[in-house]
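Values in this text are rule-based calculations from the coordinates and carry no lab data. Since the model is a prediction, treat every value here as computed from it, not as a measurement. Methodologically, a virtual Cβ is constructed for each residue, glycine included, from the backbone with ideal geometry; neighbour enumeration extends over all protein chains shown.
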């Protein structure tokens, strides 16, 4: 998926269907895929993740061209696409798999994520629940989840 002119970013912001669709609209995003990150089991299924025992978050892997869009720009999209003050939920979706996380792949991403979280915290009266964690794993979700809202035009997502 990645080539030498692109970079990776990983964002968990609730149900991954709407988050993926939002990132797909960003100029400079080359490709996205949904999956599971931050957990402790290998190759979990959607059913296992929803069961809450794997520790994974529904995550969008964003491949982007940094000559067109910067990681900082993607962070702004991330903050705007969900409520970062909610703990282990987004709207009616409740559970650890819906938690808010930025998984960083480099020291530079870590620094930028921390700075953006600090700036975001000034916009809310409630504390920011978003975690910033080093990227450790990502398992692509089942094919029917990929670009789900594009495939299922009658489905409404809360994002």
Response to the item:
To the nearest 0.05, the calculated FRET efficiency linking residue 25 and residue 53 through their beta-carbon distance, R0 being 25 Å, is 0.15
Worksheet item: Most mobile of 51, 18, 38 per a Gaussian network model of the chain (Cα springs, under 10 Å)?
Response: 51
Item to complete: Can you pull the one-decimal nm distance between simple spin-label points at residue 118 and residue 133, each 7 Å off the Cα toward Cβ?
Response: 2.4
Worksheet item: Pulled fully out, how much extra length does the chain show between residue 67 and residue 106, if you take 0.36 nm times their separation in residues and subtract their Cα-Cα distance?
Response: 12.3 nm
Practice prompt. Please order 70, 75 by the number of other Cβ within 10 Å, starting at the fewest.
Written response: 70, 75
Discussion item. Among 98, 144, 36, which one shows the highest mean-square fluctuation when the chain is modelled as a Gaussian network with alpha-carbon springs under 10 Å?
Written reply: 144
Discussion item. Order these by the 10 Å Cβ neighbour count, fewest first: 130, 41.
Written reply: 41, 130
Worksheet, complete the sentence: Contact order relative to length for the chain, counting C-alpha pairs under 8 Å separated by 6 or more residues, stands in percent at 32
Item to complete: Report the residue, chosen from 97, 42, 109, that carries the largest GNM mean-square fluctuation when the chain is represented by alpha-carbon nodes joined by springs under 10 Å.
Response: 42
Discussion item. Distance between the C-alpha centers of segment 91-131 and segment 53-76? Whole Å please.
Written reply: 12
Response to the item:
proj_area_mean for segment 1-59 (convex hull on C-alpha atoms), units nm², value 4.5
Fill in: Residues 151, 117, 122, sorted so that the one with the fewest Cβ neighbours within 10 Å comes first
122, 151, 117
Item to complete: With a/c under 1.5 counting as rounded, go ahead and sort the chain into rounded, prolate or oblate using the C-alpha gyration tensor (a ≥ b ≥ c being the square roots of the eigenvalues; past the cut-off, prolate if a/b is larger than b/c, else oblate).
Response: rounded
Fill in: Two-site FRET efficiency, residue 5 against residue 45, from Cβ-Cβ distance with R₀ of 30 Å, rounded to 0.05
0.35
